[in-house]
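The values are calculated or read from the model by the stated rules, or taken from the named source; none is laboratory data. Just so you know, these numbers come straight off a predicted model, no measurement behind them. Note that each Cβ is placed from the backbone with ideal geometry, even for glycine, and that neighbours are counted across all protein chains shown. Areas reflect the complete protein model, heavy atoms only, side chains present, ligands, DNA and RNA absent. Shrake-Rupley method; radii C 1.70, N 1.55, O 1.52, S 1.80 Å.
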Amino acid sequence: MQRWPVLLFLAWACFLFFSGIGLFTSGFLLMRIELTNRSSCSDPLAAPAWAGQGVTSRACWMPQRVPKAVLLIIDALTFEFARFDPAKARPRPYENKLGFLHQLAGSQPRHARLYRFRADPPTTTMQRIKGITTGSLPTFIDVGSNFASYAIEEDNLLGQLVENGRRVVFMGDDTWDGLFPQKFFRSYFFPSFNVKDLHTVDDGILQHLYTTVDGGEWDLLIAHFLGVDHCGHKHGPDHPEMAKKLTQMNEMLRSLVDHLANDTLLVVAGDHGMTETGDHGGDSEKEVNAALFVYSKTPLFGAHLPEEPETIPQVNLVPTLALLLGVPIPYSNIGEVMAELFSGDGGTALAAFSQLSAYRINAGQVDRFLHSYSLAAQDLPAERLRYLRELFSAALEEHDRLLAQVREGLPASPEQEARLGRLVVRFQHYLREARAVCMESWARFHPLRMVAGCALIAASCLLCCVASELAAALDFSYRSRLLYPLLWGLAVAAVLGLAHLLTREGLDLILVVSWSAATSQLAFFWHSWGRRPRRAHLAGVQPPVANVGLWQRLRAWQGLVLPMGILFIRCCAMFSDSFVVAEARVAPFLLASLAVLLVGKLHWHGRLTAPEAPKQSPGAAFYQKESWQLLCLLAVLLACLRLSGLFHQCREEIPHCQPSPFLAPLSSLQSAQAKNLFYLLCVASLAGLVYAVRCWLQHYGNLNSASPLVLFVRWAFPLLAVWIACYWAVTSGAEDTLGKLQELVQVALVGFPQAVYGLASLGLLLVLWTPVTVFVKDSRESVGPIVTPYQGAPSSQADLQHVIPQIYRRMQESLKTQLDRGHRRATVAAYGLGSVYSAALVIVLTLLGLLLLTLHSERMSLAFLLLFLEGFVLLQIHAWVVSLAGDAEPFVVPWYAVTAWVFAATQFFYSTGHQPIFPAIHWHAAFVGFQEGHSTHLLPAVLVGANTFASHILFAVGCPLLLLWPFVCEVPNSQRRKLKKELREELQEKEEQPIMEMRLRESPERFSAALLQLGLKYLFVLGVQLLACVLAAMVLRRHLMVWKVFAPKFLFEALGFMVSSICLLLGIFLVMRVDCAVSAWFEQLQPR
């Protein structure tokens, strides 16, 4: 049996998929490291005082200029909505509706000004809120310390205000409640998810806005209106409803200005724009082009009014508001202050000095952030960072020289004013260059990488499909289809690495790996295409396909229609956000449809009726007994699918959804009676799972020996169940224990889970060390020698393959001879040999199941029991279908079985209380057995990942059972007496051949090819689903729900694929380890 080539080929196929995932991710997911540093008034960033500068009681870094501010966020306020063009006689519904802004800017040019407010992608509300409060460039993944919620842990404007004793009042979109918990002095939150509701949020704000403004108990008032955004989603911008909503906003602004005090700053901002269809989320011009309006009854600006509104990046609002309100700029800000708001009431020179102080503070803060970030991450180019440092140092030196001259009391001169102007420009240049460097690294899609990643994944799927068909041929050449492609890939990687060394440029590891993977793929296809016709030519025959008629070809492909059709439907539905949201209900439906249609197909072809049944009367009386068993299994499967829906988790996109009560721990139950009842039910489920596994192993004779593994199964399985039950008992009543027992409870909360981890790990090591669970009862008489083709003892693998069939026949002849003589005792009895491969897999799956169950809440034991039951039923259905089909190739696992197995893994991802969204991750799993926390991030990541992808792990490790189970379920000897005489004669002829899983060892080359083919089919089905998610994320990257639905779905699908592929390799490796151990066992069994 070729073991290592099979594993290497599958590992190479996984590497190809991983390369495609990495390449696509580098172009799609915008990611940065989130720093936890915070600014404070004591930081040495305050600009040195210059002559004539006053100090206020609330000075922090720079004197406070505005005591109060009102920030109105009109969601999706595009610049075109705010701009007023009197030349348009017939404006569109969204044009010229905010006339009050134009009136203020025109009549009071020193008090009001309109800007283009440019948003950074992704243009989703949550990411934009992060941008206008932190001053940074939020991406889809902000890697920080708090993974369990959307709360902003990074330093932000609201946090600075609260820490410095200011009162922040909020009203509007309830998204802010999750982003800034416990940050508001007073708040009025309104539900925001229903995009068809245009008025609830806006009307709720208007009920409290004016009275709150008049009350004066606030320093910063934030009101977030949603009606314009929801109107765009529901109707689009060019609709009469948009005109009504904008008119309502215009009247609101008119009334609000009347309530404002003279020293209050009004800021009206849009968080993003919208497309012509009312959507947002991407980086198109319409999506990033929002509006900003600034107003105060006190003069803010100079007399000069620009001809065209200036474009202001959104991040510039944060440092501007922070310094105006007299609080430190948030630590991670990369925005630039709006200089016009710092002109002051003095002359030109004083205005320039005031602006220069703001720029000096701003530049120092950005320089500090870049230095800290460069120490924490490596995604900013070192050359650009050095260049920025040189710019800042030069500007700082010039600032110090100019400040020294001012302190000497030299009179202002035109030359000095010119120097002030040039220095301001230098600080502006530095800040804009710094922002540009961060934008290049954090806030851009890379379409070429996304397309290349999709192509690489698609080519990997094609490779798996082609290789799975070629693997059935016994002359599958690993040299031309594995070794040569690997060498080509390594050569390309070496050339690219050498080129990077010669050019002294930074090495992009993702690109190098991707080019290597693509080259190895091309080499595989080239060698596969080139060798096929030559083999046929050298053999002197036509290719097999040429000798097959059209009808035979259609029948050969007929078996693919059902599984591939349902798989295609599932992949197409990935492009619908509604399907992704409701996938927890759709996945069981697809699996049930596949099973029902498969049984219906057997009935259509007459496979369910008995051979003697007349075709004209296919009634119930003529069905085979096996057919009734198959129908009963189908009913059990449908019941499992139905019951698995009881363990669902809710998404916020599904209205009126209540999460399953089984997800909550037992400690959350208030009723002691209900808690005890559920606890007994959970323990019963755990005990039932262990008992069922032991019964199966006992039935097939795998618990008769005294090997270490068998002893472990006998004693450690019940012990593991007891420890888990004790842990559940402690956790369910930990909060009710008395003070004296608290220490004991804390020890138990750590001790029981760690004991389970240790004992289960020991069991897994035992399986790898001695996986054979066969008991041999040997009372043999002297027999003739068993020889190799070259005489003597076997000395090679080829000799051993010649010896093993002789051992089989010797055992069978001895057994038959003794039975013919009337003796009940067989000379050689091997218990468990026919299920030796499956037994090892079942033991490993049970150990993994108990481990994973420990990481879930107590009542998830019912879901795990369903998982094992459904897996068993699927295997039984597969075995009966193979048996009833009759003409099925035993060494080939059909596509329907692989597809159903993958669907079951997806179904139980949802049925174990998970959803492809970050808030649904069970973060508590990281602390099961580790109440005091962790010193590293690796172990908690492994625990949380194991909890999240438990179903993927179990079904991937158990995938080889799809090949083994039909052999295990062959007709047992006890049933042969019930068959007809002619069938018994046929079975007697077959008795000379090995039965059950030993048939696999009769053809080691076909066995290894079958494992390779099964692994490639599994990777193909997983890869096609992954490809659909990748394409959906790329095509719909400007969709409204891309960052809320499609991007998380892609992430979870990619991680699930990686976990499944690694566990698939482990499962196949375990089968090969058992095969190696069985070979050693036969060597020991050989008679002396």
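The table below gives the values:
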read-out	value
Selected residue (criterion: surrounded by the most Cβ atoms within 10 Å (Cβ to Cβ)) from residues of segment 492-524 that are free of Cβ contacts under 8 Å to residues at least 24 places away in the same chain and of a type in the set (Val, Ile, Thr)	512
Per-region count, segment 898-919, residues of a type in the set (A, V, I, L, M) and open to solvent by less than 10 Å² (accessible area, probe 1.4 Å)	4
Count - residues of segment 228-278 that are under 37 Å from the mean Cα position of the chain (by Cα) and without any contact (Cβ under 8 Å) to a residue 24 or more places away in the chain	0
Odd one out for residue 942 among (1) surrounded by 18 or more Cβ atoms within 10 Å (Cβ to Cβ); (2) under 21 Å from the mean Cα position of the chain (by Cα)	(1)
Residue 881 vs. criteria open to solvent by 30 Å² or more (accessible area, probe 1.4 Å) and among the aliphatic types (A, V, I, L, M)	no
Sole exception among (1) closer than 21 Å to residue 749 by Cβ; (2) open to solvent by less than 30 Å² (accessible area, probe 1.4 Å) for residue 930, by number	(2)
Conditions (1) in a helix (DSSP H, G or I); (2) polar (S, T, N, Q); (3) within 23 Å of residue 328 (Cβ to Cβ); number of the one not met by residue 127	(3)
Residue that is most open to solvent (accessible area, probe 1.4 Å) [pool: residues in segment 470-491 that are assigned to a helix (DSSP H, G or I) and in contact (Cβ under 8 Å) with a residue 40 or more places away in the chain]	484
Flag for residue 1028 being in contact with a helix residue (DSSP H, G or I) (Cβ under 7 Å, 6 or more places away or on another chain) and either under 23 Å from residue 908 (Cβ atoms) or free of Cβ contacts under 8 Å to residues at least 60 places away in the same chain (or both)	yes
Answer residue from segment 428-445, given it is within 29 Å of the chain's Cα centre (by Cα) and open to solvent by less than 50 Å² (accessible area, probe 1.4 Å) and is modelled with the lowest pLDDT among those	443
Residues located in segment 1008-1055, provided they are open to solvent by 10 Å² or more (accessible area, probe 1.4 Å) and of a type in the set (Gly, Ala, Ser)	1009
Pair list, Cβ < 6 Å and 6+ apart or interchain, from segment 892-915 residues that are under 15 Å from residue 1057 (Cβ atoms) to residues that are among the hydrophobic types (A, V, I, L, M, F, W, C) and open to solvent by 10 Å² or more (accessible area, probe 1.4 Å)	903/590
Test set (1) out of contact with any Pro (no Cβ under 7 Å at 6 or more places or on another chain); (2) touching a residue at least 60 places away in the same chain (Cβ under 8 Å); (3) open to solvent by 10 Å² or more (accessible area, probe 1.4 Å) - residue 323 fails condition number	(3)
Which listed residue is buried (at least 16 other Cβ atoms within 10 Å of the Cβ) and either modelled with pLDDT under 80 or farther than 23 Å from residue 564 by Cα (or both), from 594, 602, 608	608
Near pairs, Cβ below 7 angstrom, 6+ apart or cross-chain, from segment 372-383 (without any contact (Cβ under 8 Å) to a residue 40 or more places away in the chain) to any residue that is assigned to a helix (DSSP H, G or I) and surrounded by 14 or more Cβ atoms within 10 Å (Cβ to Cβ)	374/385
Qualifying residues in segment 673-703 (those that are open to solvent by 40 Å² or more (accessible area, probe 1.4 Å) and hydroxyl-bearing (Ser, Thr, Tyr)) - the one nearest to residue 965 (Cα to Cα)	700
Residue in segment 315-329 that is over 38 Å from the mean Cα position of the chain (by Cα) and not in a helix (DSSP H, G or I) present	yes
Residue 462 vs. criteria open to solvent by 80 Å² or more (accessible area, probe 1.4 Å) and not in a helix (DSSP H, G or I)	no
Any chance residue 706 is surrounded by fewer than 13 Cβ atoms within 10 Å (Cβ to Cβ) and either assigned to a helix (DSSP H, G or I) or modelled with pLDDT of 80 or more (or both)	yes
Of the criteria (1) modelled with pLDDT under 85; (2) under 30 Å from residue 669 (Cα atoms), which one residue 777 fails	(2)
For residue 667: the one exception among (1) hydroxyl-bearing (Ser, Thr, Tyr); (2) under 32 Å from the mean Cα position of the chain (by Cα); (3) surrounded by 18 or more Cβ atoms within 10 Å (Cβ to Cβ)	(3)
Failed condition for residue 380, given (1) open to solvent by 60 Å² or more (accessible area, probe 1.4 Å); (2) among the hydrophobic types (A, V, I, L, M, F, W, C); (3) outside any helix (DSSP H, G or I)	(1)
Pairs where the first residue, in segment 640-654, is open to solvent by less than 10 Å² (accessible area, probe 1.4 Å) and the second is charged (D, E, K, R), C-beta under 8 Å, 6+ apart	640/870; 644/870
Residue list for segment 558-582, filter: open to solvent by 30 Å² or more (accessible area, probe 1.4 Å) and not in a helix (DSSP H, G or I)	575, 576
Residues within segment 259-284 that are under 30 Å from residue 342 (Cα atoms), surrounded by fewer than 24 Cβ atoms within 10 Å (Cβ to Cβ) and in contact with a Gly (Cβ under 9 Å, 6 or more places away or on another chain), tallied	1
Among residues of segment 151-181, those that are surrounded by fewer than 21 Cβ atoms within 10 Å (Cβ to Cβ) and at positive phi, counted	1
Of all residues making up segment 67-104, the number that are on the phi < 0 side of the Ramachandran plot and in contact (Cβ under 8 Å) with a residue 24 or more places away in the chain	25
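Results for (1) in contact with a Cys (Cβ under 8 Å, 6 or more places away or on another chain); (2) outside any loop (DSSP other than H, G, I, E, B); (3) surrounded by fewer than 23 Cβ atoms within 10 Å (Cβ to Cβ), shown as yes or no for each residue.
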| residue | (1), (2), (3) |
| --- | --- |
| 196 | no, no, yes |
| 207 | no, yes, yes |
| 212 | no, yes, yes |
| 218 | no, no, yes |
| 222 | no, yes, no |
| 231 | no, yes, no |
| 234 | no, yes, yes |
| 244 | no, yes, yes |
